[in-house]
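Heads up, the thing below is written out as structure tokens.
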Amino acid sequence: MSILSHLIAFSLTTMASISPAESAGVVKFYEIPSSSGASVSITSDSRGSIWFAQLNDNRLGMFNPKTKKFSYYDIPTARSFPTDLVAGNENDIWFVEYDANQLGRYDINKKTFDEFEIPTLKSQPYRLTVDKKGNVWFTQFAGNKIGVYNREKNQFKEYPIPTPMSQPAGITMDESGAVWFIEMQGNKLGKLLPESGTITEYELPKPFSVPNELAVDGEGNLWLGARTGKKLMKFTPKSGHFEEFELPGKGVPEGLAVDGSGNIWYCDKFKNKVGRYSPKDGAFVEIDIAQSEGKPLDVTSRADKVWFTVMGTNQIGMIDGGGVLSRQTPELSVIINKKGNDLLKQLSH
């Protein structure tokens, strides 16, 4: 029986709508000036600044949490369609240009761009990650390959995925240096060993799961969202075993992030919620952000704060992760299972 088979649910007061939206220090929204509202992926750099990609505006956006100011940087190639970005190891931001078939780099100190043409034509680069050596790994949605760019050598290398038309999506790396990636159409989780170039594929438990994003926790477990099954999935590399956790709101998990405490955060754009799953006690917390007219799409964790993009509005959002379970957060709609009884007692006293 699933550890989520028994649920205790209770709802409290709905959040008030203010601008920037704020409720008991838990959720805030920041208005993005002069934006078309198509902010997608989000990340943070070593200085704590929040970066996000804007599809329609063809630029990178940056928000300084200390000054509460936004900055914008136009991508040189027009209509490049930046679908993902990540902070690099040298005070830089790397991003993929889905339509322009390029890998891009923004130097934060010099405020300059570099763009690199991907060898495979019309590969549709989709998601990316950076390893400890500064190499940039990315998925090729149409190219059906995993690509890597070595900045020191200014050289690309590509690894064909065994499953045809697998549509690789989310990508991440574990502490050993192995590259993990999602096969959206192939319905598999893939593992690439950079030393040998060997790719191992793991079939997902349920067919047509349509996974998209991928994250790794501090213990090396892989987390992914099964969108058609409306579940979070965990893969343990040591055992080769998958576990499934049904979302309490029957939502569709999109962006994924792991915070410093090992909690798994996700966006549910269809239910207009940002959720948190705690592997330690099996408890879910879902935060309704209905006061925003947009839809949460991607999420990242920085210190005790969780930041997310809001598709369809000129906003990014922030959740005080440390305050989510405090007594000062009556606006939350919380769902927990029997293992979360201690949490229930804490919230009800």
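The values are calculated or read from the model by the stated rules, or taken from the named source; none is laboratory data. Since the structure is predicted, the reported quantities are computational estimates derived from the model, not experimental observations. Note that each Cβ is placed from the backbone with ideal geometry, even for glycine, and that neighbours are counted across all protein chains shown.
Looking only at region 64-93, which residues are outside any strand (DSSP E or B) and either of a type in the set (Gly, Ala, Ser) or surrounded by 13 or more Cβ atoms within 10 Å (Cβ to Cβ) (or both)? Result: 65, 75, 76, 77, 78, 80, 81, 88, 89, 90, 91. Residues in region 205-228 that are among the basic types (Lys, Arg) and over 16 Å from the mean Cα position of the chain (by Cα): 206 alone. Right, residue 231: surrounded by fewer than 18 Cβ atoms within 10 Å (Cβ to Cβ), free of Cβ contacts under 8 Å to residues at least 24 places away in the same chain and basic (Lys, Arg) or not? Against the criterion (surrounded by fewer than 18 Cβ atoms within 10 Å (Cβ to Cβ), free of Cβ contacts under 8 Å to residues at least 24 places away in the same chain and basic (Lys, Arg)), residue 231 does not qualify.
Could you tell me whether residue 152 is outside any strand (DSSP E or B) and either at negative phi or modelled with pLDDT of 95 or more (or both)? Considered against the rule, which asks whether it is outside any strand (DSSP E or B) and either at negative phi or modelled with pLDDT of 95 or more (or both), residue 152 comes out as yes.
The number of residues in region 93-107 that are of a type in the set (A, V, I, L, M, F, W, C) and within 11 Å of residue 122 (Cα to Cα) comes to 1.
A quick yes/no check of all residues on (1) within 26 Å of residue 233 (Cβ to Cβ); (2) part of a strand (DSSP E or B); (3) at pLDDT 50 or above; (4) within 16 Å of the chain's Cα centre (by Cα):
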| site | (1), (2), (3), (4) |
| --- | --- |
| 267 | yes, yes, yes, yes |
| 286 | yes, yes, yes, no |
| 310 | yes, yes, yes, yes |
| 313 | no, no, yes, no |
| 324 | yes, no, yes, no |
| 334 | yes, yes, no, no |
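Residues in region 168-204 that are acidic (Asp, Glu), farther than 22 Å from residue 227 by Cβ and either under 16 Å from the mean Cα position of the chain (by Cα) or crowded, with 17+ Cβ neighbours inside 10 Å (or both): 174 only. All of (1) among the acidic types (Asp, Glu); (2) within 24 Å of residue 148 (Cα to Cα); (3) surrounded by fewer than 21 Cβ atoms within 10 Å (Cβ to Cβ); (4) modelled with pLDDT of 95 or more hold for residue 97 with one exception: (3).
Looking only at region 155-167, residues that are touching a residue at least 12 places away in the same chain (Cβ under 8 Å) and surrounded by fewer than 22 Cβ atoms within 10 Å (Cβ to Cβ) come to 9 in all. Residue 110 meets all of the listed conditions (1) over 21 Å from residue 316 (Cβ atoms); (2) touching a Gly at 6+ places or on another chain (Cβ under 6 Å); (3) loosely packed, with under 15 Cβ neighbours inside 10 Å but one, namely (2). When region 186-220 is filtered for residues that are out of contact with any Leu (no Cβ under 8 Å at 6 or more places or on another chain) and charged (D, E, K, R), the ones remaining, listed by number, are 191, 195, 203, 206, 217, 219. Among the numbered conditions (1) modelled with pLDDT of 95 or more; (2) outside any strand (DSSP E or B), the only one that residue 254 does not meet is (1).
Apart from one condition, residue 212 fits all of (1) in a loop (DSSP other than H, G, I, E, B); (2) at pLDDT below 95; (3) polar (S, T, N, Q); the exception is (1). Of the residues 129, 139, 120, the single one that is over 17 Å from residue 189 (Cα atoms) and hydroxyl-bearing (Ser, Thr, Tyr) is 120. For residue 61, the conditions (1) at pLDDT 95 or above; (2) in contact with a strand residue (DSSP E or B) (Cβ under 7 Å, 6 or more places away or on another chain); (3) in a loop (DSSP other than H, G, I, E, B) are fulfilled apart from (3).
Restricting 196, 166 to residues that are modelled with pLDDT of 95 or more and either under 19 Å from residue 131 (Cβ atoms) or basic (Lys, Arg) (or both) narrows the list to 196. Being outside any strand (DSSP E or B) and within 20 Å of residue 123 (Cβ to Cβ) is a property that residue 166 has.
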